[in-house]
Structures are given as structure tokens and as C-alpha cells.
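Structure first, then comments.
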Amino acid sequence: MKNTLRQVFHSSKFLVGFIIFALILLTVWLYPLLINPGNPLEMIGVGTFAKPGTYVSLYDAVNTRTETLRLPDADDKRVAYLLSDADRVAMIEWFGIMDIDVSELDATDTDALLDLWFENYDPAIKPKGMTQARRNFFKRLDKSIRQIRSADTLKVMHPEEDELVERSSITKTDYVNVGDVANVKLLPLGTDNFGRDVLKELVSATGTSIVIGLIAGVVATLIGLTLGLLAGYVGGLVDDVIMFITNIFTVIPSFVLLILISYSIGQEQRGASVVALVIGFTSWTWTARSVRSQVISLRNRDHVNLSKLSGHSLVRIIVTDILPYIASYVVMAFILQVSSGILSEAQLSLLGLGPKTTVTPTLGLMMNWAMLYSAHTNGSWWAYFPVILTITLISFSLNLMNTGLDQVFNPTLRD
């Protein structure tokens, strides 16, 4: 056993896959325990798809002790950030209407754009063919641009005796230390369509999907192993009946069968464990066929015939004389079944046939939510890309482990 484990962990492919999968499991276990405990489906945001970043309470920041910092590029950065792409396009549109040459103007050069605007814009000008509504738009744009550049102070007001009284003021040079602000929230992956922390949800969903894959893998492997052992060793009528059933399940696409069963169960009854069992019960066929072919090659070997002559029972012969010789193959089949189970759950959930949405998140459900709320069309990549990456990493690590085991136990692939 020790020698076998030594050989397995000497396989570079198995080792890399094992490390990736172990890191994923450690993250799933430690992150909610030590870093971000609580309900992963808690809605912390009002609105949808807050982008990744660090969020500071504006209310608390106003009341936090300030320091005066005179950063040389601060004003330029502020203006460049507040001047949107639409504003820049509108400014260039005005230059075109006024026949001002902007062929050499770079729209991203904020200083040059503003200098040209202040030199040429006059609200009293009424360009020919321009509607009053459009002229008013440019007036509002001019007012906004001048406020961006000229405003040095913001007034902080509070009501007192039915009047707004100035409490304090904030200048452009006032800065607060984030560590001094009472409420700061780091959202490395932002929030989803329901205002939930995507990273916290992703970690929980990864754990749930792995559990679904493990349950489905155990069920599928046990069914396939049992039927394959019986069909391969007993043969005859038993083999014919088992293979008839296996062929029926093989002819019917397993995913179609999975969809039909999941749909018939109903949304309220589809918990994570139920979905895992359904996946396991519909994905055992190739394991059964493969195990059967392995057993057929073993059942007439000398040690098996010796056990028969010794009067050993069917169960003992299968367990002690056949199963150890195909144990490595069973482990590899189990790893592939786990990977297949995770992918099947993701596919089901994308179709809206996965676990019920109000209990626990899964990777497939997160993809479903992102798709329903058009995250892929509005640029909210953080709602779906980390999910795709996580599914890819899990499948890659499991398949890498399987390839490494195959190299260790398959004589034709050994170096």
C-alpha cells in the first residue's frame, strides 16, 4: 500500500491535480469559518451587480477626522474620472457643429478637451438647425463641466428648526484614512443581481457542488461496480439481463433522462441531495460496462479458479480475488464520475432544473442567475466568469488526477 501511494504521488500530473483540488477544498472550508462567516445568500446590497472593489460608508467618512493632502495630480484625475465618455462625445459634437478642427484632438486628453471647450463654447450661440432641447443639453453640460473644475468645497448640511444649516464643509484636499472609517466592506468580486457578496456565495456554491459531485459519484460508481461485477463474473442469464438494462440506459441519452426526471420531481422537492441522487442514478452505465469487461478478463485466472475449487462463496471471490485487481480502475472511474456530476448539476441548473434556489447556492445556480439577469450583456463579468473559472479548475484538477493514476496503473502508459 505504501509503495502504491508513493508511486501515485510521484506522478507529477496527479500531484498537481491533487494540490489544486486540495486548495479548493481548504478555501471552501476555511473562508466561511475564519474570513467571512454567515449566510451566503444574505442580500447586503440594494440594487444589482455592484462592481468589485472596497466600499466605504459615505456617512461615516463625512464624520471621520480628515487630513489635508495636496496631491499634484488629484484635480486632474478627478476631472478625468467625472467627465464621462458620453460627455466627451457631446463636446466633440459641438466642435463639429461650430466647424472647429478637432482632427488632431485626442478625446482622452482631458486638459486639451476642456481648454478647447472653454475657448469656444458660448451659450448665446444658436447653431442653425439645432433644437432648443439640444441647446439646453449643451448648456447643462457646460454648467456641469465648470462645476467639476471650479468647485473646491462641498457643504455638509443638516436640518435644524425647519431650516438647512451648514454643519461643516469638505474641500478637495480633505482625505480620510480608510482604517478610521467605521464601516468599510471589501467586495473582491462585487455583488450579484440580488445584491449578494459574489465571493462568499461562490465559496459556498463550490462546496455544495463538490458535495453533489461526490454523492453522485458514489451512487453511480456503486451501481456500476455492483452490476459490472455480477455481469462479468456470473455471466449467462444474469449477464444478459444486466446488459439489456444497461443498453436501454445507454441508448437513451443520460442528460435527456436527467432532465425528464428532474422536471417530474418538482422545484420544491429538488434539494441538493435529491439532484445528486438523480445524477448518480442516470450516469452509471459506462462504469458498469467497463467494470464488466475488466472482470471477464479476470474470472478465469488461476487464483480465481483456486478459490472456486476451495468452495469460497460468490461474494468472497468477488471481494477478495477480483475487486482488488480492479480497485485502481474503480478509483479512476469514481474521480471521473465526481467531475461529471459537478458538470451535470451546472447544466441542469442553467436550464432551471437544479436544486431549489432559496436554500443553498450551487455553481450552476449562480450561472443561471447571471444569465437570467443578463450579466453577460451588461458587462457584469464578476457574476459569471469566476463561476466558469471555478468549474474549470475543479474539472481540470480531477481529470489531471485521473490521468496521473492512469499513468501509474496502466502498464502501456508507464515511462
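I'd like to compare 253-264, 389-400: which one has the highest average count of other Cβ atoms within 10 Å, and what's the full order after that?
Numbers: 253-264: 15.3, 389-400: 17.9.
For the peptides 253-264, 389-400, the packing ranking is 389-400, 253-264.
Note the angle between two axes, namely the Cα long axis of helix 385-409 and the longest principal axis of the Cα atoms of the chain, as a number of degrees from 0 to 90, rounded to the nearest 10.
Taking the Cα atoms of the chain, the angle to 385-409 is about 30 degrees.
Picking from Arg65, Arg78, Arg301, which is most flexible by a Gaussian network model of the chain using Cα springs under 10 Å?
Arg78
Mind sorting out which of (i) 30, 28, 23; (ii) 34, 28, 22; (iii) 66, 24, 21 is the real semi-axes √(5λ) of the Cα gyration tensor in Å computed from the coordinates?
Calculated semi-axes √(5λ) of the Cα gyration tensor in Å: the matching label is (iii).
Counting other C-beta atoms within 10 Å, which of Lys172, Lys200 has the fewest, and how do the rest follow? If you can, show how the numbers build up before the last one.
Numbers: Lys172 14, Lys200 25.
Result, fewest neighbours first: Lys172, Lys200.
Would you kindly work out the equivalent ellipsoid of segment 72-150 from its C-alpha gyration tensor and give its semi-axes, the square roots of five times the eigenvalues, largest first in whole Å?
Details: eigenvalues 96, 42, 20 Å².
Each semi-axis is √(5λ); the values are 22, 14, 10 Å.
Please list, in order along segment 362-376, the HN-Hα scalar couplings obtained from phi with the Karplus expression 6.51 cos²θ - 1.76 cosθ + 1.60 (θ = phi - 60°), rounded to whole Hz, x for Gly and Pro.
For segment 362-376, the Karplus curve yields 10, 4, x, 5, 4, 5, 5, 5, 4, 5, 4, 9, 6, 5, 6 Hz.
Work out the count of Lys pairs in the chain where the Cα-Cα distance is under 15 Å, with the pair 8 or more places apart or on different chains. Walk me through the numbers on the way to the answer.
Values: Lys51/Lys185; Lys51/Lys200; Lys77/Lys172; Lys126/Lys139; Lys155/Lys172; Lys185/Lys200.
Qualifying lysine pairs in the chain: 6.
Which of Met98, Met401 comes first, and how do the rest follow, when ranked by fewest Cβ neighbours within 10 Å?
Working: Met98 13, Met401 27.
Ascending number of Cβ neighbours within 10 Å: Met98, Met401.
What translational diffusion coefficient, in µm²/s and rounded to a whole number, does the Stokes-Einstein relation yield for segment 224-366 at 4 °C and a viscosity of 1.567 mPa s, taking the hydrodynamic radius as the Kirkwood radius over Cα pairs? Let's see the in-between values first.
Details: Rh = 16.8 Å.
Reported coefficient: 77 µm²/s.
Do the sum for the chain: with -39,500 (n - 2.57) for every DSSP H run of n ≥ 4, divided by all residues, what is the mean residue ellipticity at 222 nm, to the nearest 500 deg cm²/dmol?
Working: 16 runs with 238 residues, N = 415.
Taken over the chain, the calculation gives -18500 deg cm²/dmol.
Ranking Trp29, Trp286 by Cβ neighbours within 10 Å, fewest first, what do you get? Let's see the in-between values first.
On the way: Trp29 12, Trp286 19.
Final ranking by Cβ density, sparse to dense: Trp29, Trp286.
Hey, in the GNM for the chain with a 10 angstrom Cα cutoff, which one of Val178, Val218, Val338 fluctuates hardest?
For the chain, modelled as a Gaussian network with Cα springs under 10 Å, the answer is Val178.
Read-outs throughout are calculated quantities, based only on the coordinates presented, and are distinct from any laboratory measurement. Just so you know, these numbers come straight off a predicted model, no measurement behind them. Cβ atoms come from the backbone with ideal geometry, glycine included; neighbour counts cover every protein chain shown.
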